[in-house]
Amino acid sequence: MSLLQIENLSLSIHGAEILKQVSLSIDPGQIVAVTGESGSGKSMTALAVMQLLPNGAQAQGAIRLEGQDLLNRPEGEMCALRGAAVGMVFQEPMTALNPVKTIGDQVMETILIHNAMPRPQALARTQEVLTRVGLPPDRFPLSRYPHELSGGQRQRVVIAMAIALRPKLLIADEPTTALDVTTQAQILDLLKGLVREYSMGLLMITHDLAVVADMADQIVVMRRGEVVESGATTHLLRNMQHPYTRMLFEASGHQVSLPRAADPRPLLEVTEVTRDYRLPRKGLFGTPGHHRAVDGVSFALNKGERLGLVGESGCGKSTLTRAILGLEEVQSGDIRLDGQPVFAGHRPNLAVRRKMQVVFQDPYGSFNPRHRVARLITEPFHLLETPPAGSERQDRIAEMLTAVGLSPDDAGKYIHEFSGGQRQRIAIARALIIRPELILFDEAVSALDVSVRAQILDLLAELCATYDLTYLFISHDLRVVRTITDRVMVMQAGRIVEQGETEQVFANPQHPYTQTLIEAAPVLPDIGVNVA
(Lines give C-alpha, C1' and ligand atoms only; values in the text may rest on other atoms or scores of the structure.)
Protein backbone atom coordinates (compact mmCIF):
# COMPACT_ATOMS: atom_id res chain seq x y z
CA MET A 1 0.00 0.00 0.00
CA SER A 2 1.24 3.49 -0.87
CA LEU A 3 2.20 5.87 1.91
CA LEU A 4 0.39 8.79 0.27
CA GLN A 5 -2.29 8.38 -2.37
CA ILE A 6 -3.90 11.42 -4.03
CA GLU A 7 -6.77 10.47 -6.32
CA ASN A 8 -8.65 12.84 -8.62
CA LEU A 9 -8.11 15.84 -6.33
CA SER A 10 -10.03 18.90 -7.50
CA LEU A 11 -9.93 22.18 -5.62
CA SER A 12 -11.69 25.51 -6.01
CA ILE A 13 -11.37 28.70 -3.95
CA HIS A 14 -14.44 30.95 -3.95
CA GLY A 15 -15.54 29.26 -7.13
CA ALA A 16 -12.20 29.65 -8.98
CA GLU A 17 -10.85 26.28 -10.15
CA ILE A 18 -7.31 25.71 -8.81
CA LEU A 19 -6.69 21.94 -9.11
CA LYS A 20 -8.23 19.58 -11.66
CA GLN A 21 -8.26 15.82 -11.12
CA VAL A 22 -4.73 15.64 -9.63
CA SER A 23 -3.47 12.11 -8.91
CA LEU A 24 -0.11 10.93 -7.58
CA SER A 25 1.28 8.45 -5.07
CA ILE A 26 4.35 8.14 -2.84
CA ASP A 27 5.74 4.95 -1.32
CA PRO A 28 7.90 4.74 1.84
CA GLY A 29 11.51 5.62 1.01
CA GLN A 30 10.48 7.21 -2.31
CA ILE A 31 11.16 10.75 -3.57
CA VAL A 32 8.49 12.24 -5.83
CA ALA A 33 9.16 15.66 -7.38
CA VAL A 34 6.27 17.89 -8.43
CA THR A 35 7.49 20.48 -10.91
CA GLY A 36 5.94 23.30 -12.91
CA GLU A 37 5.76 27.07 -13.08
CA SER A 38 4.28 29.40 -10.48
CA GLY A 39 0.51 29.04 -10.50
CA SER A 40 0.61 25.43 -11.68
CA GLY A 41 -0.87 24.16 -8.39
CA LYS A 42 2.26 22.57 -6.85
CA SER A 43 2.09 24.31 -3.49
CA MET A 44 -1.70 24.10 -3.31
CA THR A 45 -1.44 20.33 -3.72
CA ALA A 46 0.98 20.22 -0.77
CA LEU A 47 -1.27 22.45 1.34
CA ALA A 48 -4.20 20.18 0.55
CA VAL A 49 -2.25 17.22 1.95
CA MET A 50 -1.59 19.21 5.14
CA GLN A 51 -5.18 20.54 5.12
CA LEU A 52 -3.89 24.10 5.40
CA LEU A 53 -6.14 25.46 2.66
CA PRO A 54 -7.38 29.08 2.68
CA ASN A 55 -10.92 30.11 3.58
CA GLY A 56 -13.37 29.46 0.80
CA ALA A 57 -11.55 26.34 -0.43
CA GLN A 58 -13.62 23.35 -1.48
CA ALA A 59 -11.91 20.06 -2.31
CA GLN A 60 -13.17 16.87 -3.92
CA GLY A 61 -11.47 13.54 -4.47
CA ALA A 62 -9.32 11.65 -2.01
CA ILE A 63 -6.05 12.19 -0.11
CA ARG A 64 -5.07 9.07 1.82
CA LEU A 65 -2.17 8.69 4.23
CA GLU A 66 -1.62 4.97 4.84
CA GLY A 67 -5.19 4.39 3.73
CA GLN A 68 -6.77 7.04 5.99
CA ASP A 69 -8.59 9.87 4.21
CA LEU A 70 -7.29 13.32 5.15
CA LEU A 71 -9.86 15.46 3.32
CA ASN A 72 -12.63 14.87 5.83
CA ARG A 73 -10.49 14.71 8.97
CA PRO A 74 -11.55 17.08 11.80
CA GLU A 75 -9.11 19.89 12.50
CA GLY A 76 -8.18 18.41 15.88
CA GLU A 77 -7.06 15.17 14.28
CA MET A 78 -5.14 17.04 11.57
CA CYS A 79 -3.28 19.01 14.26
CA ALA A 80 -2.18 15.71 15.76
CA LEU A 81 -0.93 14.53 12.35
CA ARG A 82 0.92 17.71 11.34
CA GLY A 83 4.49 17.54 12.55
CA ALA A 84 4.10 13.96 13.75
CA ALA A 85 3.00 11.92 10.71
CA VAL A 86 3.56 14.66 8.09
CA GLY A 87 6.32 17.27 8.26
CA MET A 88 6.75 20.28 6.00
CA VAL A 89 9.79 22.34 4.99
CA PHE A 90 8.90 25.77 3.64
CA GLN A 91 10.71 27.80 0.99
CA GLU A 92 11.77 30.79 3.09
CA PRO A 93 13.25 29.69 6.44
CA MET A 94 13.38 33.19 7.94
CA THR A 95 9.59 33.53 7.73
CA ALA A 96 9.07 29.92 8.86
CA LEU A 97 11.07 30.53 12.06
CA ASN A 98 10.11 32.68 15.04
CA PRO A 99 12.76 35.45 15.28
CA VAL A 100 12.35 35.87 19.06
CA LYS A 101 12.74 32.19 19.99
CA THR A 102 15.97 30.22 20.06
CA ILE A 103 16.50 27.41 17.57
CA GLY A 104 16.52 24.87 20.43
CA ASP A 105 13.14 26.04 21.71
CA GLN A 106 11.61 25.96 18.23
CA VAL A 107 12.72 22.40 17.47
CA MET A 108 11.74 21.23 20.96
CA GLU A 109 8.32 22.91 20.64
CA THR A 110 7.43 20.48 17.84
CA ILE A 111 8.12 17.57 20.20
CA LEU A 112 6.44 19.01 23.30
CA ILE A 113 3.29 20.19 21.55
CA HIS A 114 2.54 16.59 20.57
CA ASN A 115 3.29 15.34 24.09
CA ALA A 116 5.66 12.85 22.49
CA MET A 117 8.02 12.65 25.44
CA PRO A 118 8.98 14.46 28.69
CA ARG A 119 11.06 17.61 28.47
CA PRO A 120 14.47 16.01 29.29
CA GLN A 121 14.02 13.46 26.51
CA ALA A 122 12.70 16.20 24.21
CA LEU A 123 15.90 18.18 24.83
CA ALA A 124 17.99 15.13 23.96
CA ARG A 125 15.95 14.52 20.79
CA THR A 126 16.40 18.20 19.83
CA GLN A 127 20.17 17.87 20.14
CA GLU A 128 20.04 14.62 18.17
CA VAL A 129 18.06 15.98 15.20
CA LEU A 130 20.07 19.22 15.01
CA THR A 131 23.23 17.11 14.92
CA ARG A 132 21.67 14.95 12.20
CA VAL A 133 21.01 17.99 9.99
CA GLY A 134 24.57 19.28 10.43
CA LEU A 135 24.13 21.67 13.37
CA PRO A 136 25.81 19.91 16.34
CA PRO A 137 25.16 21.77 19.62
CA ASP A 138 28.89 22.05 20.40
CA ARG A 139 29.27 24.32 17.33
CA PHE A 140 25.70 25.69 17.13
CA PRO A 141 24.37 26.13 20.68
CA LEU A 142 20.63 25.67 21.18
CA SER A 143 20.56 29.23 22.53
CA ARG A 144 21.22 30.78 19.11
CA TYR A 145 18.54 32.80 17.36
CA PRO A 146 17.63 32.48 13.65
CA HIS A 147 19.28 35.81 12.72
CA GLU A 148 22.61 34.45 13.98
CA LEU A 149 22.61 31.73 11.31
CA SER A 150 23.15 31.77 7.56
CA GLY A 151 20.35 30.98 5.11
CA GLY A 152 21.47 27.39 4.71
CA GLN A 153 21.78 26.90 8.47
CA ARG A 154 18.27 28.31 9.00
CA GLN A 155 16.93 25.89 6.41
CA ARG A 156 18.59 23.05 8.35
CA VAL A 157 16.74 24.20 11.49
CA VAL A 158 13.44 24.10 9.58
CA ILE A 159 14.27 20.57 8.40
CA ALA A 160 15.11 19.58 12.00
CA MET A 161 11.70 20.85 13.13
CA ALA A 162 10.02 18.85 10.35
CA ILE A 163 11.77 15.55 11.19
CA ALA A 164 11.88 15.88 14.99
CA LEU A 165 9.17 13.23 15.39
CA ARG A 166 10.37 11.21 12.37
CA PRO A 167 7.25 11.67 10.24
CA LYS A 168 6.30 9.11 7.62
CA LEU A 169 5.90 11.83 4.97
CA LEU A 170 8.03 14.92 4.45
CA ILE A 171 6.91 17.74 2.14
CA ALA A 172 9.63 20.15 0.94
CA ASP A 173 8.27 23.24 -0.86
CA GLU A 174 11.06 24.88 -2.91
CA PRO A 175 13.57 24.35 -0.04
CA THR A 176 16.65 25.43 -2.03
CA THR A 177 15.46 28.25 -4.32
CA ALA A 178 17.17 31.09 -2.46
CA LEU A 179 20.34 29.18 -1.54
CA ASP A 180 23.76 29.30 -3.19
CA VAL A 181 24.92 26.26 -5.14
CA THR A 182 27.07 24.59 -2.47
CA THR A 183 24.45 25.06 0.25
CA GLN A 184 21.78 23.84 -2.16
CA ALA A 185 23.78 20.68 -2.84
CA GLN A 186 24.21 20.10 0.90
CA ILE A 187 20.47 20.49 1.59
CA LEU A 188 19.55 18.13 -1.26
CA ASP A 189 22.06 15.56 -0.01
CA LEU A 190 20.64 15.95 3.51
CA LEU A 191 17.07 15.33 2.30
CA LYS A 192 18.15 12.25 0.33
CA GLY A 193 20.01 10.93 3.37
CA LEU A 194 16.97 11.42 5.63
CA VAL A 195 14.76 9.52 3.19
CA ARG A 196 17.20 6.60 3.18
CA GLU A 197 17.77 6.66 6.94
CA TYR A 198 14.15 6.98 8.09
CA SER A 199 12.48 5.33 5.05
CA MET A 200 10.12 8.30 4.85
CA GLY A 201 8.36 9.47 1.71
CA LEU A 202 9.47 12.84 0.29
CA LEU A 203 7.23 15.10 -1.78
CA MET A 204 9.63 17.63 -3.33
CA ILE A 205 8.14 20.73 -4.93
CA THR A 206 10.33 22.70 -7.33
CA HIS A 207 10.18 24.71 -10.55
CA ASP A 208 13.62 23.55 -11.71
CA LEU A 209 14.05 20.12 -13.30
CA ALA A 210 17.83 20.28 -12.89
CA VAL A 211 17.45 20.35 -9.09
CA VAL A 212 15.68 16.99 -8.95
CA ALA A 213 16.91 15.25 -12.12
CA ASP A 214 19.36 13.05 -10.17
CA MET A 215 17.41 13.06 -6.91
CA ALA A 216 13.78 12.09 -7.57
CA ASP A 217 12.50 8.59 -8.25
CA GLN A 218 9.35 9.94 -9.90
CA ILE A 219 8.55 13.31 -11.51
CA VAL A 220 5.06 14.81 -11.76
CA VAL A 221 4.71 17.77 -14.15
CA MET A 222 1.87 20.19 -13.41
CA ARG A 223 0.44 23.01 -15.48
CA ARG A 224 -2.56 25.20 -14.62
CA GLY A 225 -3.73 22.85 -11.89
CA GLU A 226 -3.46 19.65 -13.91
CA VAL A 227 -0.94 16.82 -14.10
CA VAL A 228 0.17 16.84 -17.75
CA GLU A 229 2.84 14.14 -17.45
CA SER A 230 4.34 11.84 -14.84
CA GLY A 231 6.62 8.84 -14.61
CA ALA A 232 9.95 7.47 -13.46
CA THR A 233 12.58 10.23 -13.67
CA THR A 234 14.95 8.65 -16.19
CA HIS A 235 12.13 7.42 -18.41
CA LEU A 236 10.30 10.74 -18.35
CA LEU A 237 13.41 12.75 -19.20
CA ARG A 238 14.27 10.38 -22.05
CA ASN A 239 10.75 10.29 -23.47
CA MET A 240 9.03 13.59 -22.78
CA GLN A 241 5.62 13.49 -24.43
CA HIS A 242 3.95 16.74 -23.47
CA PRO A 243 5.11 20.05 -25.07
CA TYR A 244 5.03 21.74 -21.66
CA THR A 245 7.50 19.21 -20.21
CA ARG A 246 9.82 19.76 -23.17
CA MET A 247 9.53 23.52 -22.68
CA LEU A 248 10.50 23.23 -19.00
CA PHE A 249 13.48 21.05 -19.87
CA GLU A 250 14.73 23.41 -22.59
CA ALA A 251 14.21 26.46 -20.35
CA SER A 252 16.26 24.85 -17.56
CA GLY A 253 19.32 24.79 -19.84
CA HIS A 254 18.47 27.93 -21.81
CA GLN A 255 21.36 29.66 -23.57
CA VAL A 256 21.39 33.20 -24.96
CA SER A 257 23.64 34.79 -27.55
CA LEU A 258 25.19 38.05 -26.41
CA PRO A 259 26.28 40.60 -29.03
CA ARG A 260 29.99 41.27 -29.28
CA ALA A 261 31.12 44.06 -26.94
CA ALA A 262 32.54 47.25 -28.45
CA ASP A 263 36.23 48.15 -28.28
CA PRO A 264 37.11 47.98 -24.59
CA ARG A 265 37.71 51.07 -22.53
CA PRO A 266 37.63 51.10 -18.72
CA LEU A 267 34.32 52.21 -17.22
CA LEU A 268 34.33 50.94 -13.63
CA GLU A 269 37.66 50.66 -11.83
CA VAL A 270 37.85 49.10 -8.36
CA THR A 271 41.28 49.28 -6.73
CA GLU A 272 42.32 47.52 -3.50
CA VAL A 273 38.93 48.05 -1.83
CA THR A 274 38.60 46.97 1.79
CA ARG A 275 35.46 47.09 3.94
CA ASP A 276 35.37 46.11 7.63
CA TYR A 277 32.43 45.74 9.99
CA ARG A 278 32.69 46.22 13.71
CA LEU A 279 31.68 43.22 15.83
CA PRO A 280 30.10 43.46 19.29
CA ARG A 281 32.30 43.25 22.38
CA LYS A 282 32.64 39.76 23.84
CA GLY A 283 32.68 41.15 27.36
CA LEU A 284 32.03 44.35 29.28
CA PHE A 285 35.66 45.45 29.00
CA GLY A 286 36.53 43.52 25.85
CA THR A 287 37.85 45.12 22.70
CA PRO A 288 35.40 45.15 19.76
CA GLY A 289 36.45 42.85 16.95
CA HIS A 290 36.22 43.45 13.22
CA HIS A 291 34.96 41.35 10.32
CA ARG A 292 36.58 41.98 6.94
CA ALA A 293 33.77 41.58 4.41
CA VAL A 294 35.76 42.84 1.40
CA ASP A 295 39.50 42.28 1.41
CA GLY A 296 41.66 44.12 -1.12
CA VAL A 297 39.38 43.63 -4.15
CA SER A 298 40.57 45.00 -7.50
CA PHE A 299 39.03 44.65 -10.95
CA ALA A 300 38.02 46.66 -14.00
CA LEU A 301 34.80 46.58 -16.00
CA ASN A 302 34.97 47.88 -19.57
CA LYS A 303 32.31 49.84 -21.42
CA GLY A 304 29.85 47.45 -23.10
CA GLU A 305 31.15 44.45 -21.13
CA ARG A 306 29.00 42.03 -19.15
CA LEU A 307 30.76 40.89 -15.97
CA GLY A 308 29.56 38.17 -13.59
CA LEU A 309 30.24 37.92 -9.85
CA VAL A 310 29.63 34.57 -8.15
CA GLY A 311 30.25 33.15 -4.70
CA GLU A 312 28.47 31.72 -1.69
CA SER A 313 26.32 33.72 0.71
CA GLY A 314 28.53 35.75 3.03
CA CYS A 315 31.46 35.99 0.60
CA GLY A 316 31.14 39.80 0.30
CA LYS A 317 29.19 40.16 -2.97
CA SER A 318 26.45 42.37 -1.52
CA THR A 319 28.90 44.50 0.47
CA LEU A 320 30.96 45.13 -2.66
CA THR A 321 27.78 46.00 -4.58
CA ARG A 322 26.73 48.57 -1.98
CA ALA A 323 30.20 50.12 -2.07
CA ILE A 324 30.09 50.43 -5.87
CA LEU A 325 26.68 52.11 -5.63
CA GLY A 326 28.03 54.56 -3.06
CA LEU A 327 25.77 53.24 -0.31
CA GLU A 328 28.63 52.17 1.97
CA GLU A 329 31.94 53.94 2.43
CA VAL A 330 35.03 51.74 2.29
CA GLN A 331 37.94 51.84 4.72
CA SER A 332 40.58 51.88 1.99
CA GLY A 333 40.90 51.64 -1.75
CA ASP A 334 39.28 53.51 -4.60
CA ILE A 335 36.17 53.05 -6.77
CA ARG A 336 35.82 55.13 -9.93
CA LEU A 337 33.24 55.29 -12.69
CA ASP A 338 34.40 56.91 -15.91
CA GLY A 339 37.39 58.25 -14.01
CA GLN A 340 35.28 59.97 -11.32
CA PRO A 341 35.31 58.75 -7.69
CA VAL A 342 32.12 57.16 -6.36
CA PHE A 343 32.64 59.01 -3.07
CA ALA A 344 33.19 62.75 -2.78
CA GLY A 345 34.83 62.94 0.63
CA HIS A 346 32.56 60.97 2.95
CA ARG A 347 29.45 61.39 0.80
CA PRO A 348 28.29 59.66 -2.40
CA ASN A 349 29.19 61.58 -5.54
CA LEU A 350 25.77 62.34 -7.05
CA ALA A 351 27.29 63.07 -10.45
CA VAL A 352 28.49 59.46 -10.49
CA ARG A 353 25.50 57.97 -8.69
CA ARG A 354 23.11 59.05 -11.46
CA LYS A 355 25.14 56.99 -13.93
CA MET A 356 24.35 53.72 -12.10
CA GLN A 357 21.15 51.76 -11.51
CA VAL A 358 20.35 48.46 -9.83
CA VAL A 359 17.83 45.66 -10.42
CA PHE A 360 16.99 43.73 -7.25
CA GLN A 361 16.08 40.08 -6.68
CA ASP A 362 12.51 40.71 -5.50
CA PRO A 363 10.78 43.11 -7.90
CA TYR A 364 7.58 43.26 -5.85
CA GLY A 365 9.45 44.24 -2.68
CA SER A 366 11.38 46.96 -4.50
CA PHE A 367 8.24 48.82 -5.65
CA ASN A 368 5.72 50.92 -3.75
CA PRO A 369 2.42 49.03 -4.31
CA ARG A 370 0.38 52.25 -4.01
CA HIS A 371 1.96 53.87 -7.08
CA ARG A 372 1.22 53.24 -10.73
CA VAL A 373 3.86 51.91 -13.11
CA ALA A 374 4.40 55.33 -14.72
CA ARG A 375 5.52 56.77 -11.39
CA LEU A 376 7.48 53.67 -10.38
CA ILE A 377 9.71 53.53 -13.45
CA THR A 378 10.35 57.29 -13.42
CA GLU A 379 11.69 57.31 -9.85
CA PRO A 380 15.31 57.63 -11.12
CA PHE A 381 14.40 60.98 -12.69
CA HIS A 382 15.05 62.60 -9.30
CA LEU A 383 18.77 61.99 -9.92
CA LEU A 384 18.73 64.19 -13.01
CA GLU A 385 19.35 67.94 -12.88
CA THR A 386 16.60 68.55 -15.47
CA PRO A 387 14.21 65.58 -15.49
CA PRO A 388 11.95 65.14 -18.55
CA ALA A 389 8.46 66.60 -18.25
CA GLY A 390 5.23 66.65 -20.23
CA SER A 391 5.18 64.81 -23.54
CA GLU A 392 8.92 64.04 -23.31
CA ARG A 393 8.29 62.19 -20.03
CA GLN A 394 5.38 60.23 -21.51
CA ASP A 395 7.43 59.33 -24.58
CA ARG A 396 10.28 58.05 -22.40
CA ILE A 397 7.85 55.90 -20.35
CA ALA A 398 6.30 54.43 -23.50
CA GLU A 399 9.74 53.75 -25.02
CA MET A 400 11.01 51.90 -21.95
CA LEU A 401 7.89 49.78 -21.48
CA THR A 402 8.00 48.81 -25.14
CA ALA A 403 11.73 48.04 -24.90
CA VAL A 404 11.13 45.49 -22.14
CA GLY A 405 8.25 43.78 -23.94
CA LEU A 406 5.32 45.50 -22.24
CA SER A 407 2.64 47.86 -23.55
CA PRO A 408 2.65 51.65 -23.05
CA ASP A 409 -0.89 51.17 -21.68
CA ASP A 410 0.63 49.31 -18.72
CA ALA A 411 1.84 52.68 -17.38
CA GLY A 412 -1.53 53.22 -15.69
CA LYS A 413 -1.60 49.88 -13.85
CA TYR A 414 -0.49 48.92 -10.34
CA ILE A 415 2.33 46.48 -9.65
CA HIS A 416 0.03 43.79 -8.19
CA GLU A 417 -1.63 43.44 -11.61
CA PHE A 418 1.51 41.85 -13.09
CA SER A 419 3.18 38.45 -12.87
CA GLY A 420 6.65 37.98 -11.36
CA GLY A 421 8.35 38.06 -14.76
CA GLN A 422 6.45 41.18 -15.82
CA ARG A 423 7.44 42.92 -12.57
CA GLN A 424 11.08 42.15 -13.28
CA ARG A 425 10.64 43.65 -16.76
CA ILE A 426 9.28 46.79 -15.09
CA ALA A 427 12.30 46.82 -12.75
CA ILE A 428 14.59 46.66 -15.79
CA ALA A 429 12.63 49.51 -17.43
CA ARG A 430 13.14 51.58 -14.28
CA ALA A 431 16.87 50.91 -14.40
CA LEU A 432 17.11 51.84 -18.09
CA ILE A 433 14.98 54.95 -18.13
CA ILE A 434 17.81 57.41 -17.39
CA ARG A 435 20.20 55.57 -19.71
CA PRO A 436 22.79 54.73 -17.02
CA GLU A 437 26.38 53.91 -17.79
CA LEU A 438 26.29 50.83 -15.52
CA ILE A 439 23.53 48.50 -14.28
CA LEU A 440 23.99 46.12 -11.37
CA PHE A 441 21.78 43.01 -11.41
CA ASP A 442 21.61 41.63 -7.86
CA GLU A 443 20.22 38.07 -8.08
CA ALA A 444 17.73 39.47 -10.59
CA VAL A 445 16.42 36.12 -11.88
CA SER A 446 16.99 33.84 -8.87
CA ALA A 447 13.35 33.76 -7.75
CA LEU A 448 11.82 33.31 -11.23
CA ASP A 449 10.46 30.17 -12.89
CA VAL A 450 12.78 28.60 -15.45
CA SER A 451 10.61 29.67 -18.39
CA VAL A 452 10.26 33.25 -17.11
CA ARG A 453 13.99 33.31 -16.35
CA ALA A 454 14.71 32.30 -19.95
CA GLN A 455 12.51 35.15 -21.20
CA ILE A 456 14.30 37.71 -18.99
CA LEU A 457 17.71 36.47 -20.15
CA ASP A 458 16.61 36.77 -23.79
CA LEU A 459 15.41 40.28 -22.99
CA LEU A 460 18.81 41.23 -21.55
CA ALA A 461 20.53 39.94 -24.70
CA GLU A 462 18.20 42.04 -26.85
CA LEU A 463 18.78 45.12 -24.70
CA CYS A 464 22.54 44.61 -24.95
CA ALA A 465 22.22 44.83 -28.73
CA THR A 466 19.91 47.87 -28.59
CA TYR A 467 21.41 49.93 -25.76
CA ASP A 468 24.99 48.58 -25.54
CA LEU A 469 24.47 47.66 -21.90
CA THR A 470 27.30 47.45 -19.40
CA TYR A 471 26.41 45.45 -16.33
CA LEU A 472 27.69 43.60 -13.28
CA PHE A 473 25.59 40.44 -12.88
CA ILE A 474 25.64 39.08 -9.32
CA SER A 475 24.18 35.61 -8.86
CA HIS A 476 24.60 32.23 -7.17
CA ASP A 477 23.16 30.47 -10.24
CA LEU A 478 26.20 29.44 -12.26
CA ARG A 479 24.11 28.28 -15.22
CA VAL A 480 22.71 31.79 -15.65
CA VAL A 481 26.08 33.50 -15.19
CA ARG A 482 27.64 31.24 -17.78
CA THR A 483 25.21 32.30 -20.51
CA ILE A 484 24.73 36.00 -19.73
CA THR A 485 28.29 37.27 -19.10
CA ASP A 486 31.54 37.79 -21.03
CA ARG A 487 33.79 37.55 -17.98
CA VAL A 488 33.30 36.17 -14.51
CA MET A 489 34.84 36.77 -11.08
CA VAL A 490 34.71 34.24 -8.25
CA MET A 491 34.60 35.66 -4.72
CA GLN A 492 35.46 33.81 -1.52
CA ALA A 493 35.79 35.26 1.99
CA GLY A 494 36.00 38.82 0.68
CA ARG A 495 38.62 38.15 -2.00
CA ILE A 496 38.47 37.61 -5.75
CA VAL A 497 40.11 34.18 -6.05
CA GLU A 498 39.69 33.72 -9.79
CA GLN A 499 38.59 35.76 -12.79
CA GLY A 500 38.69 35.46 -16.56
CA GLU A 501 36.60 34.88 -19.65
CA THR A 502 33.42 33.11 -18.58
CA GLU A 503 33.67 30.03 -20.77
CA GLN A 504 37.34 29.59 -19.95
CA VAL A 505 36.73 29.73 -16.19
CA PHE A 506 33.82 27.28 -16.38
CA ALA A 507 35.60 24.88 -18.73
CA ASN A 508 38.94 24.94 -16.93
CA PRO A 509 38.62 26.32 -13.36
CA GLN A 510 41.96 26.84 -11.66
CA HIS A 511 41.09 27.62 -8.05
CA PRO A 512 39.79 24.80 -5.80
CA TYR A 513 36.88 26.98 -4.65
CA THR A 514 35.77 27.59 -8.24
CA GLN A 515 35.96 23.86 -8.88
CA THR A 516 33.79 23.23 -5.81
CA LEU A 517 31.15 25.72 -6.96
CA ILE A 518 30.96 24.23 -10.45
CA GLU A 519 30.78 20.66 -9.15
CA ALA A 520 27.96 21.62 -6.77
CA ALA A 521 25.81 23.31 -9.42
CA PRO A 522 22.79 21.20 -10.44
CA VAL A 523 22.77 20.16 -14.11
CA LEU A 524 20.37 18.29 -16.31
CA PRO A 525 21.91 14.91 -17.12
CA ASP A 526 22.94 14.21 -20.69
CA ILE A 527 20.86 11.08 -21.18
CA GLY A 528 19.96 11.33 -24.81
CA VAL A 529 16.78 13.25 -24.12
CA ASN A 530 14.08 12.89 -26.76
CA VAL A 531 12.49 16.32 -27.11
CA ALA A 532 11.37 15.88 -30.71
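What tally of residues in the range 462-515 results from selecting those that are among the small types (G, A, S) and either buried (at least 19 other Cβ atoms within 10 Å of the Cβ) or outside the structural domain of L309 (by TED's automatic domain parsing) (or both)?
Let us first name the residues in the range 462-515 that are among the small types (G, A, S), namely 465, 475, 493-494, 500, 507.
Those still in the list that are either buried (at least 19 other Cβ atoms within 10 Å of the Cβ) or outside the structural domain of L309 (by TED's automatic domain parsing) (or both) too: 475, 494.
Going through the range 462-515 one residue at a time, the tally reaches 2.
Taken together, A532, A444 contain a single residue that is of a type in the set (G, A, S), touching a Pro at 6+ places or on another chain (Cβ under 9 Å), part of a loop (DSSP other than H, G, I, E, B) and at pLDDT below 90, which is A444.
For (1) assigned to a loop (DSSP other than H, G, I, E, B); (2) in contact with a helix residue (DSSP H, G or I) (Cβ under 9 Å, 6 or more places away or on another chain), each residue gets a yes or a no:
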| residue | (1), (2) |
| --- | --- |
| V294 | no, yes |
| G308 | no, yes |
| S313 | yes, yes |
| T321 | no, no |
| L327 | yes, yes |
| V330 | yes, yes |
| A351 | no, no |
| Y364 | yes, yes |
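When you look at R375, is it surrounded by fewer than 21 Cβ atoms within 10 Å (Cβ to Cβ), at pLDDT 90 or above and farther than 30 Å from E501 by Cβ, yes or no? Yes.
Just need a number here: residues in the range 31-55 that are of a type in the set (A, V, I, L, M, F, W, C) and part of a helix (DSSP H, G or I).
Residues of the range 31-55 of a type in the set (A, V, I, L, M, F, W, C): 31-34, 44, 46-50, 52-53.
Among the residues that remain, those that are also part of a helix (DSSP H, G or I) are: 44, 46-50.
Adding up the residues that qualify gives 6.
Considered as a group, the residues in the range 39-90 that are within 24 Å of the chain's Cα centre (by Cα) and of a type in the set (V, I, T) include one that is modelled with the highest pLDDT, and that residue is T45. The residue that is nearest to H147 (Cα to Cα), among those in the range 91-122 that are over 33 Å from the mean Cα position of the chain (by Cα) and aliphatic (A, V, I, L, M), is A122.
Of all residues being among the basic types (K, R) and part of a helix (DSSP H, G or I) in the range 189-226, which is surrounded by the fewest Cβ atoms within 10 Å (Cβ to Cβ)? Just the residue, please. Restricting to residues being among the basic types (K, R) and part of a helix (DSSP H, G or I), the top hit is R196. Scanning the range 444-454 for residues that are farther than 22 Å from T378 by Cα and in contact (Cβ under 8 Å) with a residue 40 or more places away in the chain gives S446, A447, D449, V450, S451, V452, R453, A454. Apart from one condition, S10 fits all of (1) over 22 Å from D217 (Cα atoms); (2) crowded, with 19+ Cβ neighbours inside 10 Å; the exception is (2). In the range 332-349, the residue that is nearest to I428 (Cα to Cα) out of those that are touching a residue at least 60 places away in the same chain (Cβ under 8 Å) and part of a strand (DSSP E or B) is L337. Within the range 265-280, the set of residues being of a type in the set (K, R) and either outside the structural domain of T470 (by TED's automatic domain parsing) or under 20 Å from R322 (Cα atoms) (or both) comprises R275, R278.
Which members of the range 141-182 meet the condition of being out of contact with any Gly (no Cβ under 7 Å at 6 or more places or on another chain), modelled with pLDDT under 90 and in a loop (DSSP other than H, G, I, E, B)? Correct list: L149, E174, P175, T176, T177, D180. Return the residue satisfying two criteria in turn: it lies in the range 391-433 and is of a type in the set (S, T, Y) and not in a loop (DSSP other than H, G, I, E, B), and of such residues it is surrounded by the fewest Cβ atoms within 10 Å (Cβ to Cβ). Residue satisfying both the conditions and the ranking: S391. Selection of the range 366-384 for residues being outside any helix (DSSP H, G or I) and of a type outside the set (V, I, T) yields S366, F367, N368, P369, R370, H371, R372, L384. Taking first residues from the range 234-258 that are more than 12 Å from A454 (Cα to Cα) and partners that are of a type in the set (D, E) and surrounded by 15 or more Cβ atoms within 10 Å (Cβ to Cβ), the Cβ contacts under 8 Å between residues at least 6 apart in sequence or on separate chains come to L236/E229; M240/E229; Q241/E229; H242/E229; Y244/E229; T245/E229; L258/D486.
The single condition from (1) surrounded by fewer than 21 Cβ atoms within 10 Å (Cβ to Cβ); (2) of a type in the set (D, E, K, R); (3) within 23 Å of M161 (Cβ to Cβ) that D69 fails is (3). Which ones in the range 98-120 are part of a helix (DSSP H, G or I) and within 16 Å of A160 (Cα to Cα)? Residues satisfying the conditions are I103, G104, D105, Q106, V107, M108, E109, T110, I111, L112, I113. Inside the range 335-383, residues that are over 24 Å from R396 (Cβ atoms) and charged (D, E, K, R) make up a count of 3.
The values are calculated or read from the model by the stated rules, or taken from the named source; none is laboratory data. Keep in mind that this is a model prediction, so the values were computed, not measured. Don't worry about glycine lacking a Cβ; one is built from the backbone with ideal geometry, like all the others, and counts go over all protein chains shown.
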